[in-house]
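I am attaching a structure below and will ask some questions about it afterwards.
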Amino acid sequence: MKPVGADWARAPEGGASGADRRTAVVEPRTLESGPERLPRGGSNSIRVRLGLALAVALLPVLILSAFQSVLDFQREAHAQRDMLAAAAERSAATARARIEAADVLLETLAPGSVGFQCAQRLAEVRGRIPGYANLIRFDTIGRVACAAATAPADPARRDRAWFRALSQGQPVTVASDPGVRYADEPAVLAAVRAENGSGGFDGALAAVITLSSLRPETADRSLPAGSEVALTDAQGRYLSATTITAFPGSLAGRLPKAGKALLWFGRDRSGGQRVFSSAPLVGNDVYVVLSAPSQGLVTWAWINPLTALALPLVAFTLSLAAVWIVAERQIIRWIAYLQRIAAIYGRGRFSIHPLKAEAAPPEIRDLAQTLDQMAQTISARDAALRDSLAQKDDLMREIHHRVKNNLQVISSLLNMQQRSLADPAARMAMSDTRMRIAALALIYRSLYQGPDLKRVDLRDFLDELMAQILSGDAVAAAPIRTELSIDPLVIDPDRLAPLALFAVEAISNARKHGVGEHGGEFSVVFRVRGEQAEFSISDAGSGGGEPTLPPVVGQGVGRTLMTAFARQLRGEVDFARNDKGGMTTRLLFPTPALHVAAP
């Protein structure tokens, strides 16, 4: 019998600690390699949630900026409309001032505008003052007396409304349609009454003023960008225009009658949305019409990107990017690092320490220290549990060893008692009992000598059990040939005990009844067929004849024990003749729910 603790030296000591020491050498390089990134979690990841939170936090700034841009657009649109109306009124006032200046000039020239040097004087005045296409002196019947440039002939001039008004005493008149064309471009005729010394009608002095000199310049900074200018008559017919497609096809009802500028929105001939303004230029005969693009919010924002949405969007993007980068570098990166440390701890490697967390923010550093302390505590508890389990295993092995020794002592006592008996039947009964006890002792020896205290490899066990039975006291000295075919299976002791005792009874029965004087052979087969296992022992008979069977099935201690062991395994046993003339004992029982051993 082995002393207490004799098997403890075979148990591995410090295996887990040795594994941790090996990990501590390799793991630091593993931690430093590869980018520290959190796994992508789709829409639930911390990056997405943080980005959404930052976007929501910065969204009011973007909304306020967009609202401010809308207000700026509205203010600029109102200013543009006011500017256009003021420009139209200013153009009309400028034209009226020029016409009035022409009246003064003509009144000044009228008394001395006859004689030999009349044409020369008028040409000098026309050259000095821009905007006049011609200066003409008419006599009392409407004939051209002299002119600064070539004047067209008009036989019906004395009957024209403007000339007749002057002859009837009107001092000044302005005609947008004087009857004939006095210039190569659209123009108005401003004329003053000329009188002789007695105050009688002495003809007229007329100034031909081009409309292009009366209309405003589109390059004027006071006009909105893209403005166009046109002059029309009282019927809305266009007299001249910078770009005719920038004006509507008809101006009916769009010309003011009260002398003030008129503002409206409409579409030009190309279908574009524009704003228009009109004002009287020469009485109610000639009107100036201004056209400017009517910008929508999108168009205005496109033309004014810096003052509209570009700066707010840039500010929003930069703010979001700055907060995102700071959060990535100061929070997410360290969370990823601690996640990798926790994953290593989850694999049972507690010798790694989060040293890089010393450079992290205080909160992350405290979390890393807590994680390290937790790992040390778990490592200490694991070591204690491993020691406790090792002691338990050693104690169980010692118990199994002692039980096996006690059973061997009993077997030895029975062997001594068997030798002192003279009755063959008693000796055979004693031998059967000793083999049963030896089978139980073999179970305990397999448990404490094997790697697992709860499982035994059935193939090795049956091989050794068969050798042990055949090496015992033989019924006869005849040679016996055996054949074993056993599928690998790991089985627990609770099922191994009845199976081993069944094997002892079946093999003993085959030795007694299936082996003749000249020897014999029998086979042991164990097969695992899914959920059912089959264990069979077959012999070839005691001489090629009929097998020696018990008189009645169910009688005899061996047959009774085999039936009882089959019931313990929740199986059934049957006995049948085989084709070799012997008997086959077959046990069918549910396969133990354990993994199959490696072959």
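The values are calculated or read from the model by the stated rules, or taken from the named source; none is laboratory data. None of these values were measured; they are calculated from a predicted model. Backbone-built Cβ (ideal geometry, glycine too); neighbour counts: all protein chains shown.
Whether any residue in the stretch 268-275 is in contact (Cβ under 8 Å) with a residue 60 or more places away in the chain, surrounded by 15 or more Cβ atoms within 10 Å (Cβ to Cβ) and assigned to a strand (DSSP E or B) is what I want to check.
Checking the stretch 268-275: at least one residue is in contact (Cβ under 8 Å) with a residue 60 or more places away in the chain, surrounded by 15 or more Cβ atoms within 10 Å (Cβ to Cβ) and assigned to a strand (DSSP E or B).
Scan (1) free of Cβ contacts under 8 Å to residues at least 12 places away in the same chain; (2) closer than 28 Å to ALA279 by Cβ; (3) loosely packed, with under 13 Cβ neighbours inside 10 Å for the single condition ALA165 breaks and write down its number.
Of everything listed in (1) free of Cβ contacts under 8 Å to residues at least 12 places away in the same chain; (2) closer than 28 Å to ALA279 by Cβ; (3) loosely packed, with under 13 Cβ neighbours inside 10 Å, ALA165 misses just condition (3).
Does the stretch 392-404 contain any residue that is assigned to a helix (DSSP H, G or I), of a type outside the set (Asp, Glu) and over 30 Å from PHE565 (Cα atoms)?
Within the stretch 392-404, one or more residues are assigned to a helix (DSSP H, G or I), of a type outside the set (Asp, Glu) and over 30 Å from PHE565 (Cα atoms).
Could you run through the stretch 416-426 and say how many residues are in a helix (DSSP H, G or I) and surrounded by fewer than 16 Cβ atoms within 10 Å (Cβ to Cβ)?
Count: 6.
Go through the stretch 145-185 and give me each residue that's assigned to a loop (DSSP other than H, G, I, E, B) and basic (Lys, Arg).
If the condition is that a residue be assigned to a loop (DSSP other than H, G, I, E, B) and basic (Lys, Arg), then ARG160, ARG181 are the ones that fit.
A further question follows. Do the conditions hold for SER446, that is, is it small (Gly, Ala, Ser), in a helix (DSSP H, G or I) and either under 60 Å from the mean Cα position of the chain (by Cα) or crowded, with 17+ Cβ neighbours inside 10 Å (or both)?
Here the answer is yes, as SER446 does meet what is asked.
Could you count how many residues in the stretch 87-123 are assigned to a helix (DSSP H, G or I), modelled with pLDDT under 75 and either surrounded by 15 or more Cβ atoms within 10 Å (Cβ to Cβ) or among the β-branched types (Val, Ile, Thr) (or both)?
Of the residues in the stretch 87-123, 20 are assigned to a helix (DSSP H, G or I), modelled with pLDDT under 75 and either surrounded by 15 or more Cβ atoms within 10 Å (Cβ to Cβ) or among the β-branched types (Val, Ile, Thr) (or both).
Filter the stretch 195-205 down to the residues that are assigned to a strand (DSSP E or B) and over 12 Å from GLY142 (Cα atoms) and list them by number.
GLU195
Tally up the residues in the stretch 321-353 that are buried (at least 16 other Cβ atoms within 10 Å of the Cβ) and in contact (Cβ under 8 Å) with a residue 24 or more places away in the chain, please.
18
Are any residues in the stretch 354-372 surrounded by 17 or more Cβ atoms within 10 Å (Cβ to Cβ) and either under 24 Å from the mean Cα position of the chain (by Cα) or not in a helix (DSSP H, G or I) (or both), and if so, which ones?
PRO354, ALA360
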